[in-house]
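The values are calculated or read from the model by the stated rules, or taken from the named source; none is laboratory data. Keep in mind the model is a prediction, meaning the values are calculated, not measured. FYI the Cβ positions are ideal-geometry reconstructions off the backbone, even for glycines, and counts take in every protein chain you see. Note: areas computed on protein heavy atoms with side chains; ligands, DNA, RNA excluded. Shrake-Rupley method; radii C 1.70, N 1.55, O 1.52, S 1.80 Å.
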Amino acid sequence: MTVLVEARQVGISFGGQRVLEGVDLALHAGEIVTVVGPNGSGKSTLLRLLIGAERPGEGRIVRAPGLRIGYVPQRLAVDATLPLTVDRFLGLAERDAGLRAAALERVGIPGLGGRQLAALSGGQFQRALLAQALLRRPGLLVLDEAAQGLDQPGEARFYRLIEQIRGELGCGVLMVSHDLHVVMAASDRVICLNGHVCCEGTPTVVSAAPEYRALFGFGTQGALALYRHDHDHGHSHDHVHGASDHDEARDDAHDHAHDHAHDHAHDHAHGHVHGAGG
């Protein structure tokens, strides 16, 4: 299996504070890997190192030659007074209007190209970011807290979409999250991080590991069961090429209810992301 990016004994400090130490990991084509850990564990810092936005203080990051990376950020601040439509935003990655329209349809928000980016709901906005990342035809798709603001069923639908995209493109997927709900079940491999790699393996193995339970306790099984039930019984193969309008409508209804409260919580939790890492 092709190695897309690899960390070899990577460490980094900010302002004398040790953030990561002795991190070894490899990401392969076709697999979904999720990095989980509490706030301040170095998750977002590790992500920035892997995609080349930061340089390690120790160790090495090795990327496959010519690797294209599609990145979906944790948040993107858009000035509400800036006249930027979704289609113009996608135009930063792709000039072909047909391909831009196809990308919107693929992520479940067809026909929104003329909408102002700042006017989108939380779920629509994240899907627009995903569409832009896909237009780069990535070998590695990187998502940093990409399902923030969605309720658990909305998260489940979003991560099922990621699974479908992985199957279609054959790309590797790296997801970073501190929300353990459905993201664990959507992963082939989970890496538990707290300044170093505490444990790694399949979701079942990691969720039973003493190191994982010492950090997170035992409270995630209900949400994992929700994901598995919805995944196994909620979809037919007829919808494999995009989210249904009904799913998106449900996402929108929940997005408007959850966006302000969730953003407020994230502002406090992630306010120092450029220091110690997420």
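At a glance:
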quantity: Listing of helices (runs of 4 or more DSSP H) fully contained in segment 127-217 that carry 3 or more residues being modelled with pLDDT of 90 or more and among the aliphatic types (A, V, I, L, M); calculated: 152-169
quantity: Segment 205-220, residues that are open to solvent by 40 Å² or more (accessible area, probe 1.4 Å) and farther than 19 Å from residue 155 by Cβ; calculated: 205, 208, 210, 211, 213, 214, 215, 218
quantity: Residue among 70, 22, 57 that is among the small types (Gly, Ala, Ser) and at positive phi; calculated: 22
quantity: Complete set of residues in segment 123-137 that are surrounded by fewer than 24 Cβ atoms within 10 Å (Cβ to Cβ) and farther than 16 Å from residue 102 by Cα; calculated: 125
quantity: Restricting segment 67-99 to residues that are in contact with a Gly (Cβ under 8 Å, 6 or more places away or on another chain) and either under 13 Å from residue 137 (Cβ atoms) or part of a loop (DSSP other than H, G, I, E, B) (or both), the residue that is modelled with the lowest pLDDT; calculated: 74
quantity: Filter result for residue 30 (touching a Gly at 6+ places or on another chain (Cβ under 6 Å), outside any strand (DSSP E or B), surrounded by fewer than 17 Cβ atoms within 10 Å (Cβ to Cβ) and not acidic (Asp, Glu)); calculated: yes
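Yes/no matrix, rows are residues, columns are (1) closer than 30 Å to residue 113 by Cα; (2) without any contact (Cβ under 8 Å) to a residue 24 or more places away in the chain; (3) crowded, with 17+ Cβ neighbours inside 10 Å:
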| position | (1), (2), (3) |
| --- | --- |
| 10 | no, no, yes |
| 34 | no, no, yes |
| 40 | no, no, yes |
| 47 | yes, no, yes |
| 65 | no, yes, no |
| 85 | yes, no, no |
